[in-house]
Amino acid sequence: MRPPGSRQLQDLLVSGGGVAAIRPAGQLSGAEAQESCDAEGRTVLPGLWDHHVHFTQWVIQQQRLDLSGADSADETLRLVASAAAQLSASQRLTGFGFRDGLWHQPPTLAALDAATGEVPTVLVSADLHCMWINSAAQRQFGAATDATGLLRETESFAVLQRLDAAAELTTADYRRAADVAAARGVVGVVDFENDDNTALWPQRVAAGVDALRVEVSTWPDTLERVIDRGLKTGDGLDSQGLITMGPLKVIVDGSLNTRTAWCWDPYPGLAADHPHRCGVEAVPIEELTRLLQRANGAGIGAAVHAIGDRANTEVIDTFAALGMTGRVEHAQLLRVEDVARFAPLGLEASVQPEHAMDDRDVADAYWPGRTDRAFALRSLHESGARLRLGSDAPVSALDPWAQIAAAVTRSRDGRAPWHPEQSIDVATALRASTRAGLDLREGGPADLILVDADPLTATGEQLRSMEVAATMLAGRFTHWKL
Ligand SMILES: [Zn+2]
């Protein structure tokens, strides 16, 4: 094997879950290794992390109708109608991934009812902030929409939570999803599922879902329970050393697609008296301040969701006022002067480059004249801010190579790069997808992967479809196809 950017072949000795020795090829004596495998000159990298996932929702999504390829209401309805035709009224059709922001024909309840009849149908949007729900499902969930058939934000989340709770996932479903991630080179995820993560993940590991390290978040509604148990960020939660306590997650605004991301400027096309012309302040800043203070005092870090530039300003102000470091999740639209505030405050920007590819057209439409400071990865990096890449799975696929490719090329599907001046180099993108940089060190954990091509010299397409030959977690293979 060889390190990225090097032609020098190396041998690596793994022992007790850690990297025991790294030597030029041929200099480890055969006697030192009990078992050996030939990496055939592949590139070795530290295992990758996805710094923002909703793991259970991702597991659930594997079992739902994928609507992400449809770019109109008609096409979506065609897919939905043919799936509904296979089901009876006692079953339920659930789909995901639609993006109505740019449809020429807006969604209507009548059209969805016509396509689905009596089969209860719930379609969850790509950004999870709204759903298109038919009359039969509205009766089931006690929900009521207007003529669009859309539920948004809080009302949508409430139905989504009940829908997810009814999904009846098995350990095998979780294991499969973890294995799929490991096959893409993932050794760890930060899980922002809104659930009793500190209890559930150790149980999953004990049941054999052991292909990933998981840093688990807590939410405002579980914060007091976590504090009562004396848990602090960084604490280990299971006997295998895979699960650790992560940060408190707080959501301060909405999303771009639903025009609920909280911005300094109004969204185009919304009436002057629209109550949410500039988006939504989902948690009042006083409440955010109280929560962060409470968490900080108990040794728990914070990860705060902020998408619009106003939300980001307010969140950065709050961290600054409390003298607290933490992570800003998404940081999609930033005022130029706010970019420079991340590094001095020790704030990390937890970003999802593939969202820029998913949302570039919506961003052009909803943030016109402002997209030069949207998904501003290079500005953040050059300002000294630490970047962490993630997928926000299920919003995009739990595949770090898609994020790395999007960060480096700012393009997908053969389209011209979108704001290529905000691209970052491969080494930076890779580093932002690991825990401790690109170098493997003796004494460090044996979390590593072997890839077929050297990422530092790979093309954008090669990065996106990077073949991962092996993934090792704490010295054991979680993926192997050599
Ligand atoms: Zn998220």
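The values are calculated or read from the model by the stated rules, or taken from the named source; none is laboratory data. Predicted model only: the values in this text are computed from it and were never measured. With ideal geometry, Cβ positions are generated from the backbone for all residues, glycine too; neighbour counts draw on all protein chains shown. Accessible surface is based on the protein model in full, side chains and every heavy atom, while ligands, DNA and RNA are left aside. Shrake-Rupley method; radii C 1.70, N 1.55, O 1.52, S 1.80 Å.
So, in the stretch 392-404, of the ones that are near the ligand (Cβ under 9 Å from one of its atoms) and at negative phi, which residue ends up surrounded by the most Cβ atoms within 10 Å (Cβ to Cβ)? It comes out as 395.
Of all residues in the stretch 300-318, those satisfying the criterion of being within 16 Å of the ligand (Cβ to nearest atom), within 21 Å of residue 369 (Cβ to Cβ) and either in contact with a helix residue (DSSP H, G or I) (Cβ under 7 Å, 6 or more places away or on another chain) or assigned to a helix (DSSP H, G or I) (or both) are 306, 311, 312. On the basis of being under 30 Å from residue 188 (Cβ atoms), part of a strand (DSSP E or B) and open to solvent by less than 50 Å² (accessible area, probe 1.4 Å), does residue 44 make the cut? Yes: the conditions hold for residue 44. Please work out if residue 402 is touching a residue at least 40 places away in the same chain (Cβ under 8 Å) and farther than 19 Å from residue 185 by Cβ. Criteria not met by residue 402. Summed over the stretch 281-309, the residues that are open to solvent by 60 Å² or more (accessible area, probe 1.4 Å) and either of a type in the set (Val, Ile, Thr) or touching a Gly at 6+ places or on another chain (Cβ under 7 Å) (or both) give a count of 0.
The set of residues in the stretch 325-352 being open to solvent by 10 Å² or more (accessible area, probe 1.4 Å) and either assigned to a helix (DSSP H, G or I) or more than 16 Å from the ligand (Cβ to nearest atom) (or both) consists of 325, 335, 336, 337, 339, 340, 341, 343, 344, 345, 346.
Taking the stretch 147-208 as the region of interest, the helices (runs of 4 or more DSSP H) fully inside it that hold 3 or more residues being touching a residue at least 60 places away in the same chain (Cβ under 8 Å) and of a type in the set (Gly, Ala, Ser) are 171-182.
Exactly one residue out of 321, 295 is without any contact (Cβ under 8 Å) to a residue 60 or more places away in the chain and part of a helix (DSSP H, G or I): that is 321. Here 158, 177 are screened, and the one residue that is of a type in the set (A, V, I, L, M, F, W, C) and open to solvent by less than 10 Å² (accessible area, probe 1.4 Å) is 177. Here the condition is being within 30 Å of residue 482 (Cβ to Cβ) and not polar (S, T, N, Q); of 159, 226, 216, 180, it holds for 180 alone.
Any chance the stretch 394-409 includes a residue that's aromatic (Phe, Trp, Tyr) and assigned to a helix (DSSP H, G or I)? Scanning the stretch 394-409 turns up at least one residue that is aromatic (Phe, Trp, Tyr) and assigned to a helix (DSSP H, G or I). Screening the stretch 98-146 for residues that are among the hydrophobic types (A, V, I, L, M, F, W, C) and assigned to a loop (DSSP other than H, G, I, E, B) and picking the one that is farthest from residue 365 (Cα to Cα) gives 119.
Condition first: under 18 Å from residue 167 (Cα atoms), in a helix (DSSP H, G or I) and more than 16 Å from the ligand (Cβ to nearest atom). Now tell me which residues in the stretch 48-82 satisfy that. If the condition is that a residue be under 18 Å from residue 167 (Cα atoms), in a helix (DSSP H, G or I) and more than 16 Å from the ligand (Cβ to nearest atom), then no residue fits.
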